[in-house]
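Below: one structure, written as structure tokens.
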Amino acid sequence: MGATKLRVAFIGAGQIAEKVHLPVLSQMKDKVELVSIADTALEKAERLAGKFLIETTFQDYNEMLSRVGPDAVWVCTTNKFHASASLAALRSKCHVFCEKPPAMNEVEARQMLTAAEEEGRILSFNFNYRFRGETLAIKKFIEGGELGEIYVCTAQAIRRRGIPGWGSFTNRDLQGGGPVADIGVHMIDLALHLMDFPEPKSIVASTYRKIGNRKGIGLMGKWNPHGFTVEDSAFGLVKFRNGATMIIETAYALNTKERSVMNLHLHGDRAGASLFPPEVYTEMHGELIDINLPFIETGDGHKRSIEAFVENCFGNVLPIPTAAEACVVQKILDGFYESADLDKTIEL
Ligand SMILES: NC(=O)c1ccc[n+]([C@@H]2O[C@H](COP(=O)([O-])OP(=O)(O)OC[C@H]3O[C@@H](n4cnc5c(N)ncnc54)[C@H](O)[C@@H]3O)[C@@H](O)[C@H]2O)c1
């Protein structure tokens, strides 16, 4: 690592790099130097290099890694390339901050974990919901024992008509899946994080493609129904070895009331909680009460997530998603699709 600053390079110059990561990192000039950006579509890398004053651009990330020698690499590609790009960066002795989902499958996620361990580098993932103020607040109740044993949770990532009209989010070969892998993964990770990563035992799930495969109203841009190879909604149930259960409900398009729901409901034997908005449901003095937290600072989860990773690169250990945790998340995603594809319960 450079004497004072973390030399950061990007692989993938799409919308998440432009709208989230580069704006945050470019405000961290005392700690971070943006040294290079690679994208197979070179013009996208060049545009962002101009906008964020990044020194060099490449079409081939391997060339970037060998010629620039960054300290840390942000992997912001289409999901299919998370593993190959992260592995190349880790083997080039870089710390890696990879977008979610971790990979296309658990095998890839384990290869990434092994590479990070062998190279002694930090590998983490942008599970930004862990860093939201609501999560940090509810976590205090959980750690304080107020919820007791959490034995059921419902993870929801449901959009009424939110099929992404950009990128390759509707292409299963490139993304690994639809709403489960793209948005459900955030709430699945959040549930595991708040339940202290119980070991999954089995999963049963169903996926549907009922709306995305025809023309329709798009609240997140226009998509091509002919290239729509992912599920548009999916529902699953995970059982854990400690007896707990997670219900997963996720959709890009579903005939339902709300435009969008991203939430996690936790049910413990002493209290329950929802995350967005943060509330706790319990009993006191013989009465049922709801506790809400109207004054917490919700904050920007992405910003805190990025800052925590950077601090870790400087040797300041702050809690961040680990590569081992990512393997558990990926195991659940794999099981979810396998169960739906084979129409049976999968032992995990
Ligand atoms: N954490 C979040 O909330 C969040 C939100 C949106 C997207 N994401 C994730 O970010 C990633 C990118 O999403 P996006 O919306 O920016 O998509 P995008 O399609 O806008 O950008 C992806 C970019 O990767 C580039 N690319 C593809 N293969 C490459 C390769 N082999 N080498 C170099 N570049 C390559 C593409 O040309 C494109 O510019 C996805 O994994 C997505 O799941 C995360």
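The values are calculated or read from the model by the stated rules, or taken from the named source; none is laboratory data. What you see is a predicted model; the values in this text were computed from it and never measured. Positions of Cβ are backbone-derived with ideal geometry, glycine not excepted, and every protein chain shown enters the neighbour counts. Surface areas here come from the heavy atoms of the whole protein model, side chains and all, with no ligands, DNA or RNA. Shrake-Rupley method; radii C 1.70, N 1.55, O 1.52, S 1.80 Å.
For residues that are in a loop (DSSP other than H, G, I, E, B) and not assigned by TED's automatic domain parsing to the domain that holds Q175, tally how many sit in segment 313-343.
Residues in segment 313-343 being in a loop (DSSP other than H, G, I, E, B) and not assigned by TED's automatic domain parsing to the domain that holds Q175: 9 in total.
Answer with yes or no whether E55 is more than 16 Å from the ligand (Cβ to nearest atom), modelled with pLDDT under 95 and more than 23 Å from the chain's Cα centre (by Cα).
yes
Could you please let me know if G177 is under 13 Å from Q330 (Cα atoms), of a type in the set (G, A, S) and in contact (Cβ under 8 Å) with a residue 24 or more places away in the chain?
Yes.
Residues being out of contact with any helix residue (DSSP H, G or I) (no Cβ under 9 Å at 6 or more places or on another chain) and among the polar types (S, T, N, Q): count how many of those fall in segment 1-52.
Within segment 1-52, residues that are out of contact with any helix residue (DSSP H, G or I) (no Cβ under 9 Å at 6 or more places or on another chain) and among the polar types (S, T, N, Q) number 2.
Okay, residues lined up against (1) assigned to a strand (DSSP E or B); (2) at pLDDT 95 or above:
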{"position": "G184", "(1), (2)": "no, yes"}
{"position": "A205", "(1), (2)": "yes, yes"}
{"position": "K210", "(1), (2)": "no, yes"}
{"position": "H226", "(1), (2)": "no, no"}
{"position": "L237", "(1), (2)": "yes, yes"}
{"position": "M246", "(1), (2)": "yes, yes"}
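Go through G212, G243, G221 for me and flag whichever is open to solvent by 40 Å² or more (accessible area, probe 1.4 Å), more than 16 Å from L333 (Cβ to Cβ) and of a type in the set (G, A, S).
Step by step, each of G212, G243, G221 is checked, and only G243 is open to solvent by 40 Å² or more (accessible area, probe 1.4 Å), more than 16 Å from L333 (Cβ to Cβ) and of a type in the set (G, A, S).
Looking at segment 14-32, which of its residues are near the ligand (Cβ under 9 Å from one of its atoms) and either without any contact (Cβ under 8 Å) to a residue 40 or more places away in the chain or open to solvent by 50 Å² or more (accessible area, probe 1.4 Å) (or both)?
The answer is Q15, E18, K19.
Check segment 135-156 and report whether any residue there is under 28 Å from M112 (Cβ atoms) and within 11 Å of the ligand (Cβ to nearest atom).
no
Looking for whichever is touching a His at 6+ places or on another chain (Cβ under 6 Å), open to solvent by less than 10 Å² (accessible area, probe 1.4 Å), modelled with pLDDT of 95 or more and not assigned by TED's automatic domain parsing to the domain that holds H265 here; the options are A103, A89, A115. Which one fits?
A103
Would a scan of segment 3-11 turn up a residue that is out of contact with any Gly (no Cβ under 8 Å at 6 or more places or on another chain), under 25 Å from K80 (Cα atoms) and within 8 Å of the ligand (Cβ to nearest atom)?
Checked against the condition, which is being out of contact with any Gly (no Cβ under 8 Å at 6 or more places or on another chain), under 25 Å from K80 (Cα atoms) and within 8 Å of the ligand (Cβ to nearest atom), segment 3-11 yields at least one hit.
So, in segment 77-109, exactly how many residues are part of a helix (DSSP H, G or I), aliphatic (A, V, I, L, M) and within 14 Å of the ligand (Cβ to nearest atom)?
Total satisfying the criteria: 6.
Just a yes or no: is a residue in segment 133-156 modelled with pLDDT of 95 or more, open to solvent by 10 Å² or more (accessible area, probe 1.4 Å), outside any helix (DSSP H, G or I) and among the charged types (D, E, K, R)?
yes
Those residues that are aromatic (F, W, Y) and either open to solvent by 80 Å² or more (accessible area, probe 1.4 Å) or free of Cβ contacts under 8 Å to residues at least 24 places away in the same chain (or both), I need them from segment 259-287; list them, please. Walk me through how you get there before you give the answer.
Taking segment 259-287 and keeping what is aromatic (F, W, Y), we get 276, 281.
The answer is Y281, and nothing else.
All but one of (1) more than 15 Å from the ligand (Cβ to nearest atom); (2) touching a residue at least 24 places away in the same chain (Cβ under 8 Å); (3) surrounded by fewer than 19 Cβ atoms within 10 Å (Cβ to Cβ) hold for V35; which doesn't?
(3)
Quick check on my filter: what residues within segment 157-174 are open to solvent by 10 Å² or more (accessible area, probe 1.4 Å) and either within 12 Å of the ligand (Cβ to nearest atom) or in contact with a strand residue (DSSP E or B) (Cβ under 9 Å, 6 or more places away or on another chain) (or both)?
Within segment 157-174, I158, R159, R160, R161, G165, W166, G167, S168, F169, T170, N171, L174 qualify.
Go over the candidates F81, F97 one by one and state the one that is in contact (Cβ under 8 Å) with a residue 40 or more places away in the chain, closer than 26 Å to I332 by Cβ and open to solvent by 50 Å² or more (accessible area, probe 1.4 Å).
Being in contact (Cβ under 8 Å) with a residue 40 or more places away in the chain, closer than 26 Å to I332 by Cβ and open to solvent by 50 Å² or more (accessible area, probe 1.4 Å) holds for just one of F81, F97, which is F81.
Take segment 58-76 and flag every residue that is within 11 Å of the ligand (Cβ to nearest atom), open to solvent by less than 30 Å² (accessible area, probe 1.4 Å) and part of a loop (DSSP other than H, G, I, E, B).
Residue satisfying the conditions is C76 alone.
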